[in-house]
Amino acid sequence: MSRLPAPADLPTVADTFGRPLRSLRLSVTDRCNLRCNYCMPEEEYTWLPRETLLTFEEMDALTSLFTELGVDKVRLTGGEPLLRKDLPVLVGMLAKNARIKDLALTTNGILLAEHAQALFDAGLHRVTVSLDTLNPDRFKALTRRETHGRVLQGIEAVARTGFTGLKLDTVAIRGFNDDELADLIEYGKRIGAEVRFIEYMDVGGATDWSMEKVLSRTAILHALGQKYGSIEAVVEESSAPAQRFLLPDGTTFGIIPSTTMPFCAACDRSRLTADGMWYLCLYAKQGFDLRQPLRDGVPLEEIASLIRSVWQARKDRGAEERKALERFGTRENLIEIEKLRLDPHLEMHARGG
Ligand code: SAM
Ligand code: SF4
Ligand code: SF4
């Protein structure tokens, strides 16, 4: 392949709203060792066929096309990414790509204690662990598994390994963990991690979602204000989804208000599933198959041009459209279970959070 022009030589690849192509979430598997109620509440799932899963070489090749077009942030996700055998090998391949300025992993933490060192050694920059509760019984009720202790061990292993920028992501759910917000912040403080509260989203697969369970940004700030006193917004220029706040003692935390205050206007993210389907939005019902052209030997320049033209035509603003439905009282489940069974790509656990 002749070298594609470097991003500096290119006009930024921007979509119809001027949003640049900057951030790629790369799902490495759709399998998971938890069954979080907000993501995988069903008893049975249809899995992506194994033979369709991209090899590490294919993931690396597609990621390079994205980075040649301006992507500089790559986040490995899933399903549970640490279930993908030899993940540090992929990390090592991506870490050689000098265009990636931020190479991160989102994990449920269960297998992290075993892999933290190898991931660090392979060149991973940052880790985000999902942690919704500090209470093992609640964890079991939420995830249908009894592995809470392993999650905490994983988090503590990351803190010891030398990673900086550890984050803990908590889906804030009314009636489930709304009494734990401050405890989670205090836990984060002890281990040197920033906590980010994510509003419960009505994404594909969240078949148990309802507006009543959404703990809004406003409610989170109110609860934390009562505990800590004044909370200040941190003023920063960023396309990151989290709004950051400062407590009186200098501790920071984030809120990702995807449901009540969507931030589609600044969204530079797209998602590649483990079998090479590319989605322009978390809520998108249709994706673009990048595996087939890659396996058919279509020249990489042609695949890059396809990516460029698809992004340039992008109009997605899924969370804003979902919010607009509230006016008509029709904000219900995004996709019915029968449709999810027919196309597992529609599931949050297939396209990564
Ligand atoms: N299994 C890994 C984990 O849980 O960290 C990575 C994949 S998971 C799909 C990525 C993120 O999506 C997690 O932080 C999870 O809490 C979040 N998530 C899943 N379903 C969600 C929902 N309905 N609303 C908000 N966040 C959700
Ligand atoms: Fe939970 Fe992540 Fe697994 Fe979804 S993919 S069930 S959020 S651990
Ligand atoms: Fe981006 Fe879609 Fe999420 Fe909006 S809903 S922030 S467009 S991924």
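The values are calculated or read from the model by the stated rules, or taken from the named source; none is laboratory data. This is a predicted model, so every value here is computed, not measured. Cβ sites come from the backbone with ideal geometry, for glycine too, and all protein chains shown count toward neighbours. When the accessible area is computed, the model is the full protein with side chains, heavy atoms only, and any ligands, DNA or RNA have been set aside. Shrake-Rupley method; radii C 1.70, N 1.55, O 1.52, S 1.80 Å.
Find the accessible area per residue for the chain; the probe is 1.4 Å, ligands and nucleic acids are left out, and the unit is Å². Numbers along the way, then the final one.
Numbers: 15200 Å² over 353 residues.
Heavy-atom accessible area per residue stands at 43 Å².
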Dimensionless Rg/Rh of the chain, both radii on Cα and Rh by Kirkwood, sits at 0.94
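Quote to one decimal, in nm, the extra length available between Thr252 and Arg174 on full extension: 0.36 nm per residue of separation minus the C-alpha distance between them.
On the way: separation 78, 0.36 × 78 = 28.08 nm, distance 2.22 nm.
Going from the current span to full extension adds 25.9 nm.
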Restricting to DSSP loop positions (anything but H, G, I, E, B) with no more than 12 other Cβ atoms inside 10 Å of their own Cβ, which chymotrypsin sites (Phe, Trp or Tyr not before Pro) remain in the stretch 249-353?
none
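Below 8 Å, C-alpha to C-alpha, sequence gap of six or more: please give me the relative contact order for the chain in percent. List each step's numbers first, then the result.
Numbers: 677 pairs, mean separation 81.5, N = 353.
Rounded, it is 23 percent for the chain.
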Work out Dmax and Rg for the stretch 83-216 from the C-alpha atoms and quote the Rg first, both in angstrom.
15.7, 46
Compute the distance in nm between two label points, each set 7 Å from the Cα along the Cα-to-Cβ direction, one at Tyr228 and one at Ala98.
4.0 nm
To test your reading of the geometry: what angle, between 0 and 90 degrees and rounded to tens, separates the Cα axis of helix 181-191 from the longest principal axis of the chain?
70 degrees
Tell me the GluC sites (Glu not before Pro) within the stretch 288-353 that lie in a loop according to DSSP and have at most 15 other beta-carbon atoms within 10 Å.
Glu332, Glu336
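In the stretch 244-283, what percent of the accessible surface is made up of carbon and sulfur (1.4 Å probe, ligands and nucleic acids excluded)?
Carbon and sulfur together cover 67 percent of it.
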Hey, if you drop one equal point scatterer on each alpha-carbon of the stretch 143-242 and run the Debye formula without solvent, what base-10 log of I(q)/I(0) do you get at q = 0.24, 0.25 Å⁻¹?
-1.41, -1.42
Based on alpha-carbon centroids, what's the gap between the stretch 245-312 and the stretch 82-113 in Å, whole number please?
17 Å
To the nearest 10 degrees, how steep is helix 56-68 against the longest Cα principal axis of the chain, on a 0 to 90 scale?
90 degrees
Carbon/sulfur accessible area of the stretch 130-216, % of total, 1.4 Å probe, equals 47 percent
Could you pull out the trypsin sites (Lys or Arg not before Pro) across the stretch 224-299 that fall in loop regions by DSSP (anything but H, G, I, E, B) with no more than 16 other Cβ atoms inside 10 Å?
Lys285
Considering Cα pairs under 8 angstrom that are at least six residues apart, work out the relative contact order of the stretch 1-143 and quote it in whole percent.
26 percent
Please give the contour-minus-distance gain from Ala141 to Glu156: 0.36 nm per residue of separation, less the Cα-Cα distance, rounded to one decimal in nm.
3.1 nm
Going down the list Lys140/Lys227; Lys189/Lys339; Lys167/Lys285, which pairs span over 32 Å between their C-alpha atoms?
Lys189/Lys339
